[in-house]
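The values are calculated or read from the model by the stated rules, or taken from the named source; none is laboratory data. What you are looking at is a predicted structure, and each value in this text was computed from that prediction instead of being measured. No Cβ is skipped: glycine too gets one built from the backbone with ideal geometry, and neighbour counts run over all protein chains shown.
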Amino acid sequence: MAKQSKDEEVIPLGIVFMVVGFIVVCTAVAILFLVIPKAPRQTLEQVQVVVLPATPSAGDVVLLPETAAEGAAANLPPVDEATLAFVQGQPERIVIPTLDLDAPVSGVGLIQVQNSGQTYYQWQVPPEFRAGWHNTSAPLGIPGNTVLNGHHNIHGEVFRDLIDLEAGAEIIVYGRERPYTYTVSTVEILPERDQPLAARIQNASWINPTQDERLTLVTCWPYEDNSHRLVVVAYPAKNAEHRTDNVQ
């Protein structure tokens, strides 16, 4: 039987189908990559700080998506302690000698809260004798607003006596490497419950980022009602002047 010439060789049908299929798949993937737009990066800069009315069990600062970027923060990833391990200035302990307060501090993030059909983002507060560091606020020792929150009448009442602080009092916050000492500048009691939205936004502006280096402590007041915000602002002791100007 004579050999087939090269021109007469037949390519198996299965191989033909495999090659054609591979080409089709590669083409489809390339088209999808070029046509489908990339999802926008979700950042906290896309949300605006506001405050919900305080209640005895939940009176904490929350975030509301801006109209221009509605829903942009819906998929903000949770930030846990492992993710924050690299932050050298993460607060780990707070000491206020005049209040005889010595408490641990841990990072806290945002959770979604539904209220009247609207989605809000609420800062978690440790459910124990512990302060919470807002994990998007400034680490210790660098320019920015380092924000700590805490309960004052439940879950250990870590910030129960914050109302007794006065200008000039010392606050020491320990980071991973060393202590940072602050001097209290102002203690603000801000009406919150039943206030108009503009007033609540103004209240929440105390936890906004700043250009200067400061420490802000936030809780509710009074002990029996939670109708107000209590905000304490302190500055590094190295800048020792007790500022009483507009600290916002």
Exercise. Only one of (1) at pLDDT below 95; (2) assigned to a loop (DSSP other than H, G, I, E, B); (3) buried (at least 21 other Cβ atoms within 10 Å of the Cβ) fails for Arg200. Which number is that?
Worked result: (2)
Exercise. Restricting to segment 177-191, what's the tally of residues that are touching a Phe, Trp or Tyr at 6+ places or on another chain (Cβ under 9 Å) and in a loop (DSSP other than H, G, I, E, B)?
Worked result: 0
Exercise. What number of residues within segment 219-229 satisfy the criterion of being in contact with a His (Cβ under 9 Å, 6 or more places away or on another chain) and within 25 Å of Pro143 (Cβ to Cβ)?
Worked result: 1
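Being farther than 19 Å from Gln90 by Cα and surrounded by 17 or more Cβ atoms within 10 Å (Cβ to Cβ): is that true of His151 here?
Details: farther than 19 Å from Gln90 by Cα: yes; surrounded by 17 or more Cβ atoms within 10 Å (Cβ to Cβ): yes.
Against the criterion (farther than 19 Å from Gln90 by Cα and surrounded by 17 or more Cβ atoms within 10 Å (Cβ to Cβ)), His151 qualifies.
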Exercise. Taking interchain pairs and intrachain pairs at least six residues apart, which have beta carbon atoms under 8 angstrom, with the first residue in segment 176-200 and within 14 Å of Arg229 (Cα to Cα) and the second among the hydroxyl-bearing types (Ser, Thr, Tyr) and surrounded by 14 or more Cβ atoms within 10 Å (Cβ to Cβ)?
Worked result: Pro191/Ser227; Glu192/Ser227; Arg193/Ser227
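Does any residue of segment 163-176 turn out to be among the acidic types (Asp, Glu) and part of a loop (DSSP other than H, G, I, E, B)?
Pass one, segment 163-176, residues among the acidic types (Asp, Glu): 164, 166, 170.
Then keep just the ones that are part of a loop (DSSP other than H, G, I, E, B); that gives 166.
Yes; the residues of segment 163-176 include at least one that is among the acidic types (Asp, Glu) and part of a loop (DSSP other than H, G, I, E, B).
Within segment 162-187, how many residues are more than 29 Å from Gln88 (Cα to Cα) and either surrounded by 15 or more Cβ atoms within 10 Å (Cβ to Cβ) or β-branched (Val, Ile, Thr) (or both)?
Looking only at segment 162-187, we keep the residues that are more than 29 Å from Gln88 (Cα to Cα), and these are 163-164, 166.
Pick out the ones that are also either surrounded by 15 or more Cβ atoms within 10 Å (Cβ to Cβ) or β-branched (Val, Ile, Thr) (or both) and you get 163.
The total comes to 1.
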For this session: Tell me which residues, restricted to segment 209-236, are within 20 Å of the chain's Cα centre (by Cα) and more than 22 Å from Pro126 (Cβ to Cβ).
Result: Pro209, Thr210, Gln211, Asp212, Glu213
